[in-house]
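Structure record follows, encoded as structure tokens.
The values are calculated or read from the model by the stated rules, or taken from the named source; none is laboratory data. What you are looking at is a predicted structure, and each value in this text was computed from that prediction instead of being measured. With ideal geometry, Cβ positions are generated from the backbone for all residues, glycine too; neighbour counts draw on all protein chains shown. Surface accessibility is based on the protein's heavy atoms, side chains included, excluding ligands, DNA and RNA. Shrake-Rupley method; radii C 1.70, N 1.55, O 1.52, S 1.80 Å.
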Amino acid sequence: MGDDASGGGGGGGAGASEPLLKRARYHPNCPGCRVDRRKEEREGFPFTEISCLWLVTICSSLPIQSLFPFLYFMIRDLHIAKEEEDIGFYAGFVGASYMLGRALTSVIWGVVADKHGRKPVLVITLVSVIIFNTLFGLSSSYWMALTTRGLLGLLSGMLGPVKVS
């Protein structure tokens, strides 16, 4: 009874040095398998990957953080508000349009990231941050500012994939 052919009995025979969970095979187009294979091959701390994630996280916070110090002056210079007290009202719509766009498309960007991988989503959203933040800064009318902020929010799908990484 102590000598069974499976090697699973008792205490520390030949199978003791083998890992309990061993991946049998990798699928060729599976992003998860590709990550697991790269983790097995890597030695040391992943400075490059961490640096890229840090950079993407900084870029994802720029559209939110850099807006409000300048928004009052932008709305004032666009002459959309009849009185100075109305500037905050119009500035609120510009600030909220970004978050509305993000709320509408965050689940969609998560599905796209699951289906096509995180890298394409991050590249698309980084390019959209560059383009639409620049267009927002060059806005010559209130509606252009509102539209570019809304489009920036719609195309800003990097927060979910960065948190998962």
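Brief remarks follow.
- In the range 15-165, the portion of solvent-accessible area held by carbon and sulfur atoms comes to 66 percent [1.4 Å probe, whole percent, DNA, RNA and ligands not counted].
- The range 78-94-the range 29-73 distance, computed between alpha-carbon centres (Å): 35
- In order along the range 65-71, phi translates into HN-Hα couplings of 6, 8, 7, 5, x, 9, 5 Hz, rounded to whole numbers, per the Karplus curve 6.51 cos²θ - 1.76 cosθ + 1.60 with θ = phi - 60° and x for Gly and Pro.
- Annotation: extensible slack from residue 86 through residue 138 equals 16.5 nm (criterion: 0.36 nm per residue apart, minus Cα-Cα distance).
- The HN-Hα couplings worked out from phi for the range 112-118 by the Karplus form 6.51 cos²θ - 1.76 cosθ + 1.60 (θ = phi - 60°) are 4, 5, 5, 7, 10, x, 7 Hz, whole numbers, x standing for Gly and Pro.
- Inter-part distance where the range 105-123 and the range 130-144 are each reduced to a Cα centre, Å: 25
- Once the Cβ-Cβ distance of residue 99 and residue 79 is raised to the sixth power relative to R0 = 30 Å, the FRET efficiency obtained is 0.75.
- Distance (nanometres) between label positions extended 7 Å along Cα→Cβ at residue 131 and residue 68: 2.9
- For residue 157, net neighbour charge (Lys/Arg +1, Asp/Glu -1) across residues whose Cβ lies under 15 Å away: +4
- Loop-located GluC sites (Glu not before Pro) across the range 52-157 with a Cβ neighbour count of 13 or fewer within 10 Å are 83, with loop assigned by DSSP.
- Å² of accessible area per residue within the range 65-165, as computed with a 1.4 Å probe and no ligands counted: 60
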